[in-house]
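The values are calculated or read from the model by the stated rules, or taken from the named source; none is laboratory data. This structure is a prediction, so every number in the text was calculated from the model and none was measured. In this analysis, Cβ positions are derived from the backbone assuming ideal geometry, glycine residues included, and neighbour counts consider all displayed protein chains. Calculation scope for accessible area: heavy atoms of the full protein, side chains included, ligands and nucleic acids excluded. Shrake-Rupley method; radii C 1.70, N 1.55, O 1.52, S 1.80 Å.
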Amino acid sequence: MTTQGIGTQTQEQALASLTNMTDDLTPIQPQEHRERIKKAQQYMQANNIDAIYLNAGTNLTYFTGMRWYASERLVGAILPAQGEVQYIAPYFEIGSLNGFKVIDGPIRGWQEHESPYQLFVNVITEMGIAPDGTIGIDESAQFFIFDGINKVQPSLNLINAQPVTAHCRMHKSANELALMQRAMDMTLAVHKATASMLHEGISTTEVEAFIKQAHQKVGAPGNYFCIVLFGVATSFPHGVKDPQILKKGDMVLIDTGCKVHDYLSDITRTYVFGEATERQRQFWDYEKAAQIAAFNEAKIGQTCEAVDAAARNYLAEQGLGPEYQTPGCPHRTGHGIGLDIHEWPYLVGGDKTPLATGMCFSNEPMLVVPDEFGVRLEDHFYMTDNGPKWFTEPAHSIDNPFGLKDYFCSAEID
């Protein structure tokens with residue numbers, strides 16, 4: 001039985017089937033950024049943290065709306081437990097940064113020959129923070145930032161800011177969920193279009209180029225990332241160095257995502273080009289069942305590690321693993337997602353974070369059969385007051401991964 005929806009049209013036809021899906025979306029508004037700042041400040045006050053430093057990157061964007069990139073120069077913001085945000089940047093960047101500013105606050109500049117770390121200490125001193133105050137440093141900040149501040153003021157208690165940032169970021173708002181939902185919908189549409197234009201002899205490089213065009217057609221800037229694997233290469237979770245050429249009977253694994261108003265999608269589909277063997281079919285079914293086992297374990301108050309254990313225990317019952325051994329699942333069941341493709345919390349042994357409303361996770365207990373093939377079915381879910389809800393409907397079957405209705409009609413006729 002040939003896999004339904006695979007290789008049914010040309011690249012041109014597949015692209016023509018896609019339309020822009022972003023016209024009705026609204027990005028996160030300033031009021032929501034102010035609410036995030038308030039929540040962070042309440043946490044800092046309750047936990048005796050005087051301020052946190054937000055480095056250029058997703059933490060800066062989350063709290064202030066400012067989009068800027070991390071580099072060898074200190075660019076970021078100080079968020080005090082009380083009072084307004086103050087930004088720090090090279091003088092020559094202030095004009096540019098003013099154009100990206102969403103939340104008001106002064107931008108304090110340092111010249112190229114001056115120490116940004118001394119400026120940092122000067123600013124927190126002006127904020128009334130004592131020389132031995134507790135300052136959280138953005139967990140994604142480069143070490144040189146921590147080191148530079150520490151050398152200027154070694155009496156400061158510099159800690160990881162992650163308890164503050166994670167406390168806020170891992171609980172998504174309705175606006176965040178809406179943006180993520182659309183990003184997921186867009187990437188699933190791209191997956192379907194991509195499957196439809198596969199043909200024998202196409203290269204993984206050509207497929208990657210198509211996926212970029214397809215994401216642009218649905219309204220994204222392009223791919224945020226893209227992994228395309230054929231045959232034995234599918235047994236390497238994050239790919240191999242060299243491109244592959246598609247042939248009949250190959251397992252196909254495509255993992256890709258895009259960004260919509262800063263929020264990300266991340267979906268993987270695995271299927272066979274041609275007709276599946278009994279072994280391929282068996283492992284595909286194991287993968288789907290493990291994914292469902294994890295989903296069913298996701299309940300409000302349950303721990304993240306229990307969700308991982310549910311998938312892993314099911315696989316062990318099938319003689320796979322145990323734990324992280326292969327054939328079996330060599331990595332965690334899932335990760336959080338939002339502004340970053342991987343963020344807290346994680347569905348993995350040792351993460352005892354209780355599931356709560358607004359948390360979002362990938363669900364992807366990938367199976368690896370070394371030197372043969374791999375199967376990863378990845379969808380995401382978010383927690384509601386009543387339990388988990390899928391962003392995208394999981395793959396249906398190895399013969400009809402996208403649940404195309406004409407497959408069922410033809411099956412009835414047969």
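A few notes on this one:
- From the options LEU79, LEU18, residue that is farther than 30 Å from GLY219 by Cα and either open to solvent by less than 20 Å² (accessible area, probe 1.4 Å) or assigned to a helix (DSSP H, G or I) (or both): LEU79
One line per residue, one yes/no per condition, for (1) among the charged types (D, E, K, R); (2) surrounded by fewer than 17 Cβ atoms within 10 Å (Cβ to Cβ); (3) more than 26 Å from GLN31 (Cα to Cα):
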residue	(1), (2), (3)
SER96	no, yes, no
PHE100	no, yes, no
SER115	no, yes, yes
ILE124	no, no, no
GLY133	no, no, yes
ASN160	no, yes, yes
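- Cβ-Cβ contacts under 9 Å between residues 6 or more apart (or on different chains), taken from a first residue in the range 169-198 that is touching a residue at least 60 places away in the same chain (Cβ under 8 Å) to a second residue that is of a type in the set (Ser, Thr, Tyr) and in a helix (DSSP H, G or I), are listed as ARG169/THR58; ARG169/TYR62.
- Top-ranked residue of the range 21-52 - restricted to ones that are outside any helix (DSSP H, G or I) and open to solvent by less than 40 Å² (accessible area, probe 1.4 Å), ranked as nearest to ALA81 (Cα to Cα): ALA51
- Residue that is surrounded by the most Cβ atoms within 10 Å (Cβ to Cβ), among those in the range 82-94 that are among the β-branched types (Val, Ile, Thr) and outside any strand (DSSP E or B): VAL85
- Residue match in the range 59-74 (condition: open to solvent by less than 40 Å² (accessible area, probe 1.4 Å), in contact with a Pro (Cβ under 9 Å, 6 or more places away or on another chain), within 22 Å of ASP340 (Cβ to Cβ) and among the hydroxyl-bearing types (Ser, Thr, Tyr)): no
- Residue within the range 307-323 that is crowded, with 19+ Cβ neighbours inside 10 Å, in contact with a Phe, Trp or Tyr (Cβ under 9 Å, 6 or more places away or on another chain), within 25 Å of THR256 (Cα to Cα) and aromatic (Phe, Trp, Tyr) present: no
- Some residue of the range 349-361 being outside any loop (DSSP other than H, G, I, E, B), at pLDDT 95 or above and open to solvent by 40 Å² or more (accessible area, probe 1.4 Å): yes
- Top-ranked residue of the range 362-406 - restricted to ones that are open to solvent by 10 Å² or more (accessible area, probe 1.4 Å) and basic (Lys, Arg), ranked as farthest from GLN325 (Cα to Cα): LYS405
- Where a residue in the range 2-28 is without any contact (Cβ under 8 Å) to a residue 24 or more places away in the chain and its partner, wherever it lies, is assigned to a loop (DSSP other than H, G, I, E, B) and polar (S, T, N, Q), with Cβ under 7 Å and at least six apart: none
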